[in-house]
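This report concerns only the one structure given below.
The values are calculated or read from the model by the stated rules, or taken from the named source; none is laboratory data. Quick caveat: nothing in here was measured; it's all calculated off a predicted structure. Every residue, glycine as well, gets a Cβ built from its backbone with ideal geometry; the counts of neighbours run over all protein chains shown.
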Amino acid sequence: MNTPLFKFGAFGDEMSLVVAFAIGIAFGWFLERAGFGSARKLVAQFYLTDLAVFKVMFTAIVTAMLGVFYLGWLGVLDLELLYLSDTNLWPQIVGGLVLGIGFVIGGYCPGTSLVAIATGKIDALFFVGGVMFGVLAIGEAFPLVKTFYESGNYGRLTLPEVLHLPYGVVVFLVVLMALGGFVLAEWAERRFGGASKEA
Amino acid sequence: MAGQLNIRWTMKRRLAAMGLLLGAVAMLGQPLRGHVVTIDTQELAALVEGKVDHVLPEELAAWIIQGQSDYRLVDLREPDAFTAYHIPTAENIPLAQLPTAGLPRNEKIILYSDGGIHAAQAWMLMRVQGYVGSTTLFGGLDGWKEDVVFPIAPTEPTAQQAAQFERALQVAQFFGGRGRAASAGGDTQALSIAAPVAPKSTVSGPATPKAGGPAKKKKKEGC
């Protein structure tokens with residue numbers, strides 16, 4: 001069996017929606033089980049009292065990275081077929097800041113707000129309303145921001161290309177970065193967290 | 001000392017050590033398979049028989065009009081033929097340069113030439129190099145002109161056929177063409193020669209290649 005399954009024609013367009021639905025539900029379920037349906041838990045990371053979000057997300061990144069790398073090495077996964085979006089440096093920096101600020105203010109990121117709706121959180125309902133409004137506004141205003149939106153395009157970049165390092169070395173560096181991050185995170189939790197454990 | 005270490009092997013640390021080990025071993029590996037591809041001839045034959053190795057001119061026309069940009073349209077003819085006329089949004093990569101053009105393998109690539117043969121041969125070349133997303137334009141540029149730019153009016157059409165032709169006419173106009181009568185047998189020659197006047201850019205069509213039409217970016221990720 002070859003992967004990516006969809007690109008190798010293992011299933012068609014309609015089936016891909018079913019698969020996406022199943023993956024989406026599973027993703028949401030794991031987010032909820034990790035406690036990410038709660039705005040308190042999510043925002044705690046910005047006050048360095050509870051860095052579970054950071055730890056779970058970085059664990060997911062490392063797990064997926066190792067999985068993709070080893071599947072590619074074993075010849076099961078054709079890495080060049082994976083979809084990569086373009087790097088548009090400036091708009092992506094601004095977009096990241098907008099998302100981050102919205103995250104601190106609203107208490108959710110887009111995925112977790114949907115998870116929170118599923119468990120009946122009313123603030124999440126307002127949050128998703130805001131997301132929808134933002135999408136609509138940027139869609140309507142697109143001609144005005146088009147130049148900026150498409151600026152700083154570097155095409156499809158990967159870290160091994162940018163750093164001129166072998167793929168495997170980058171994988172190792174990311175693992176080291178993650179482990180270092182976890183150690184720091186747990187230190188910060190002990191330092192700043194402690195008291196607010198009941199939140 | 002060793003005993004103390006053993007006691008401290010919590011679940012977290014075990015996982016961390018496993019990650020570290022996998023990361024360290026990864027330094028020896030190469031995940032990209034390069035251009036070594038195993039060809040399954042049965043699979044290729046099934047693709048051809050299942051008619052999934054091509055797109056129809058009408059489908060392509062609809063994508064261009066909608067401004068879809070999730071494909072690369074490649075004109076395999078020589079540059080002068082390309083300059084004379086090409087399908088909007090197409091880029092020119094003559095057949096001989098195709099293997100070294102460095103097209104990304106993760107995109108849908110639609111190949112066309114005048115007829116169907118060159119494109120079909122190019123399709124085979126692409127498949128051999130592992131371009132699983134490559135397809136051909138059914139009927140090539142000839143088919144494009146016949147079906148999209150100069151659609152033939154049906155003789156004694158039913159209401160449904162007439163409506164269909166009406167839609168085809170609108171599409172034809174978008175690409176700077178027009179309809180023609182079914183009887184005009186000898187006339188087709190004249191039409192297809194008259195055609196290469198590049199699509200009228202009066203219609204706000206995505207006539208310029210490359211830019212890829214109105215940016216309708218596909219977004220597939222997010223936290």
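Looking only at segment A:152-179, which residues are within 7 Å of chain B (Cβ to nearest Cβ) and either among the polar types (S, T, N, Q) or touching a Pro at 6+ places or on another chain (Cβ under 6 Å) (or both)? Hit for segment A:152-179 is A:TYR167, nothing else. Residues of segment B:64-100 that are assigned to a helix (DSSP H, G or I) and within 14 Å of chain A (Cβ to nearest Cβ): none at all.
Pick from segment A:74-127 the residues that are β-branched (Val, Ile, Thr) and within 26 Å of A:PHE148 (Cβ to Cβ): which of them is modelled with the lowest pLDDT?
Only one residue tops the list, namely A:THR87.
Taking residues in segment A:140-155 that are of a type in the set (D, E, K, R), and partners anywhere that are not in a helix (DSSP H, G or I), the pairs with Cβ atoms closer than 8 Å and at least 6 places apart or on different chains are A:LYS146/B:ALA215; A:GLU150/A:ASN88; A:GLU150/B:ALA215.
Here A:LEU79 meets each of (1) more than 25 Å from A:ARG190 (Cα to Cα); (2) out of contact with any Pro (no Cβ under 7 Å at 6 or more places or on another chain) with one exception, condition (2). Across segment B:130-160, the number of residues qualifying as out of contact with any Pro (no Cβ under 8 Å at 6 or more places or on another chain), of a type in the set (Phe, Trp, Tyr) and either more than 14 Å from chain A (Cβ to nearest Cβ) or touching a residue at least 60 places away in the same chain (Cβ under 8 Å) (or both) comes to 1.
Only residues that are within 10 Å of chain B (Cβ to nearest Cβ) and in a helix (DSSP H, G or I) were counted across segment A:60-96, and they come to 15.
A search for C-beta distances below 8 Å between a residue of segment B:80-109 that is over 15 Å from B:ARG127 (Cα atoms) and any residue that is at pLDDT below 90 and among the aromatic types (Phe, Trp, Tyr), counting only pairs 6+ apart in sequence or on different chains, returns B:PRO88/B:PHE175.
Does B:LEU47 satisfy the criteria of being under 20 Å from A:LEU81 (Cβ atoms), outside any loop (DSSP other than H, G, I, E, B) and within 9 Å of chain A (Cβ to nearest Cβ)? Spelling it out, B:LEU47 is indeed under 20 Å from A:LEU81 (Cβ atoms), outside any loop (DSSP other than H, G, I, E, B) and within 9 Å of chain A (Cβ to nearest Cβ). Checking each residue in segment B:101-132 for being over 23 Å from A:ASP86 (Cβ atoms), modelled with pLDDT of 90 or more and either in contact with a Phe, Trp or Tyr (Cβ under 8 Å, 6 or more places away or on another chain) or not in a helix (DSSP H, G or I) (or both) picks out B:LEU111, B:TYR112, B:SER113, B:ASP114, B:ALA119. Is it true that some residue in segment A:109-119 is away from every other protein chain (no Cβ under 14 Å), farther than 30 Å from B:ALA24 by Cβ and of a type in the set (Gly, Ala, Ser)? Yes, some residue in segment A:109-119 is away from every other protein chain (no Cβ under 14 Å), farther than 30 Å from B:ALA24 by Cβ and of a type in the set (Gly, Ala, Ser).
Just one residue in the set A:VAL170, A:VAL183 is more than 25 Å from A:ALA52 (Cβ to Cβ) and modelled with pLDDT of 90 or more; that residue is A:VAL170.
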